[in-house]
1. Once you order the gyration tensor axes a ≥ b ≥ c over the Cα atoms, which shape class does segment A:1-107 get: rounded for a/c under 1.5, otherwise prolate or oblate by comparing a/b with b/c?
2. Straight distance only, please: which lysines reach the Cα of residue B:37 with their own Cα at less than 25 Å, same-chain residues fewer than 8 apart left out?
3. Taking K and R as +1 and D and E as -1, what net charge do the other residues with C-beta under 12 Å from the C-beta of residue A:28 add up to?
4. Would you mind computing Rg(Cα) / (2.2 N^0.38 Å) for chain B, counting N as its residues?
5. Let me spell out the model: positive unit charges on the Cβ of Lys and Arg, negative unit charges on the Cβ of Asp and Glu, origin at the Cα centre of segment B:83-155. What dipole size does that give, in debye rounded to 20?
6. Reachable lysines from residue C:260, Cα under 26 Å, same-chain residues fewer than 8 places away excluded?
7. 5 Å is the cut-off here: which amide hydrogens, built 1.01 Å from N in the peptide plane, fall below it relative to residue A:167, excluding neighbours closer than 5 in sequence?
8. Step through the residues of segment B:94-99 one at a time and calculate ³J(HN,Hα) from phi using the Karplus curve (6.51 cos²θ - 1.76 cosθ + 1.60, θ = phi - 60°), rounding each to whole Hz and writing x for Gly and Pro.
Amino acid sequence: MDLSPIRISLETSVAATTAVTLTGTLAAGWRIRRRGVFYELVDGFFLLPLVLPPTVVGFVLLVMFGRASVLGGMLYRLGARLVFSWPATVVAAAVTTFPLMYMTARAALEQVDAPLVEAARTLGASEGRVFREILLPLAWPGLAAGMVLTFARALGDFGATLILAGNIPGKTQTLPLAIFFAVESGDTQEAVRWSLVTVAISLAALGALNLWTRHRKGLTMRVVEQE
Amino acid sequence: MEFQAEIEARRGAFTLAARLETRGERVGILGESGAGKTMTLRAVAGLERSARGRIVVNGRALLDSSRGVALPARERRAGLVFQSYALFPHRTVAENVGFGLAHARATEREARVRDILHRMHLEDLAGRYPRQLSGGQQQRVALARALVTDPEILLLDEPLSALDFHLRGLVEKQLLDTLAEFGGVTLYVSHSLEEVYRLCDVILVLARGRALAFGPKEEIFRHPPSLEAARLTGCKNFSRARALGEGAVEALDWGVRLRVVQPHSAARHVAIRANHVTFADAPGGENVLPCSLVESTETPFRRTLYLRLHTAVGEGWHLQAEVLKDRWEELRGRPMPWHVRLDPERVFVMAE
Amino acid sequence: MRNHRVHLFVSLAAVFLARMAGLPGLFPIRAAALPQRPPQVTVAAAISMKDVLEAISNLYGRRKGAPDVTLTFGASGILQEQIEQGAPVDVFISAAPAQMNALEKQDVLLEGTRRDIAGNRLVLVVPRGTTAVHTLDDLKKPEVRTIAMGEPRSVPAGQYAAEALRNLGVFGALESKFVYAQDVRAVLTYVAGGDADAGLVYETDARSSSKVTVAAALPASSYTPVVYPAAVVRSSQNPAAAKYYLEYLTSAEARGIFEKYGFTTPAK
């Protein structure tokens, strides 16, 4: 039996989660505690993939990166083929999950006690150091939750993946695609098998992340409120 | 050492306008909650984005709006001790204290941290986390953390307010020792006038974002420039007044003529502190008024007496007097009316 | 405060009324019982028939007394499942015999109504303006990186394409280049955009897009003829009307339209 959907889904989800965790956390770090219409517009832009149906997201990506477009045409001439390639599965999953990580990271970073950030600044820390040594460690539980959400959503992406990466068994056929086409062709047994595998992976990932969070939480304390 | 500040800042509908300067005297910033005391500290530290004006320390401008200078907090060399201490919960005491020394070499950093922990009697706690410390210990760690970086300015935001009452005396003494060693400018914020009086030399009195008074503490307490400054510095007895010439004013609310020592030609109010109200043995002397005791309350060490002046109109009491417990024992047996004396040297005369 | 409440009330009322307007849809039988309406025929057809059947509907609608026809389109496999599950369909038109056979075996069809109403041909399409591919063998060239076709297990056009390529002995050589789409429209989109270098679709599909050109036709001998069987479903509430419609589809008028769209029509 061809087990490639499992391998492809794992590779795609891990790659997408890594990319989105990095970019989403950095974007959130840049965004927090700033006010103004510009920043709210940026929020709207970042949240778009969450608001649009996944197939629309996939279609937009196809239009952006397809050979017929300006950007895609350029890539094509350089020899890069994004559409129907494995990287396209990562792009599709990353774009659809970015809003989740971004929102979660923002909330997690913003709930870090403001005086702690200010104290670090008065002690000479650069913004980068404040982010690395104060915000990130103290926002960790929230960030971990964001990573779990991202991984689960990336694992389950269908619409955007199908349109941008296509259904190529052994190359871009992820578990959700395999499930869909199994259902389409009437092979319910196969669909059920893939579904169970997907559930098992999700639970395993969730469990692993929970364990890691609990370990790190032991090192994180709360500021003792004294009034 | 020199420090000059003229600060304007705003947050929402609240605006702050304050100015102060010092040549090494400790400056206490006194006022009620919401007066703008913390905002002043934050403006000096570089945490108040809306701050405008001029802040110069030893010739170095931290803020100069006219020249577009506004140093970020990390370049100001101002150590701030927050009211909530703001210790990093995920770092040990030693790591907290060493946080501001990241630019130094590891050996030097360890040495300086060890040194200050020792001086502030915190060495045994070096490996603990903030949540494992008592309030007093946390306060000392916060102070150590600010001091170890050799700041030019030390900013203390209500350092004793979060402590249990019985701890305050001890911690205050330790604080005094530490501050005595510190060679830079100290700004000390508190709503407690006793604390500010004990620990500082010069006082800035703030109310609703405006400075009511600035100057040496004795000056402010002896000659508060305004009604509100008098009230904020603990004065309890006020009366509307009218100048009568020749060293006398008429206290309208008290119904009596008083001899005063302070300039009085433009007198509109007079006031006297509760602890300056004394009791005469006989009636008829200068500034002696007959009165009756309406009620009294006690604190562990004093008694506050609420007196009705026989010369005044209106129900209830007109004057508060504070006496020590043994004086009270002497007084309580005496028959009414009692006679209070308002020492002319102690009567404040205010032009507003 | 008062404005808020009024606003909220009006919004809720508007939503409520809008919902109520759709309520008759919940009671199809009652709707059908409304007087003075001709009998309704629901036709479920393969997606590949969409354009041609809609064109035929225009002609058909001009006939007096003809039953009202509602067209619904989908993948043949899904339609088959839906009919098996009892969907209220009167006429089923499939893109391949397989689905019709399955229904026939389960006795879901009305006896004697099954007939083939059209045929199709498999062609190789390429993006308009490209010149690399003229024959099937050209597909083996390295410049041809992606070939799009329908997923063989669920899309009839893909099934035929796979069959043809296997019979021609080239399936193995080309397999690594295939992208399987969920329907022929997607195949056309891929080829039209240039993201697929070639695609396998029906002639009718090729004609529907101006951005693709037909490079070659697959030899008819390499695949089972593509026929579109149609039949009346046994559970139809309007068998007479359904048969009427089916008859019309084999009339000269209708055949003309089929051929205009690229279908072949069965010999009379």
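1. oblate
2. B:173, B:217, B:236
3. +2
4. Chain B yields a ratio of 1.19.
5. 180
6. C:50, C:64, C:211, C:243, C:268
7. Long-range HN contacts for residue A:167: C:180.
8. My calculation for segment B:94-99 gives 4, 5, 4, 5, x, 4 Hz in order.
Here, each number is a calculation from the coordinates, and none is a lab measurement. Predicted, not measured: the structure shown is a model, and the values here were computed from it. In this analysis, Cβ positions are derived from the backbone assuming ideal geometry, glycine residues included, and neighbour counts consider all displayed protein chains.
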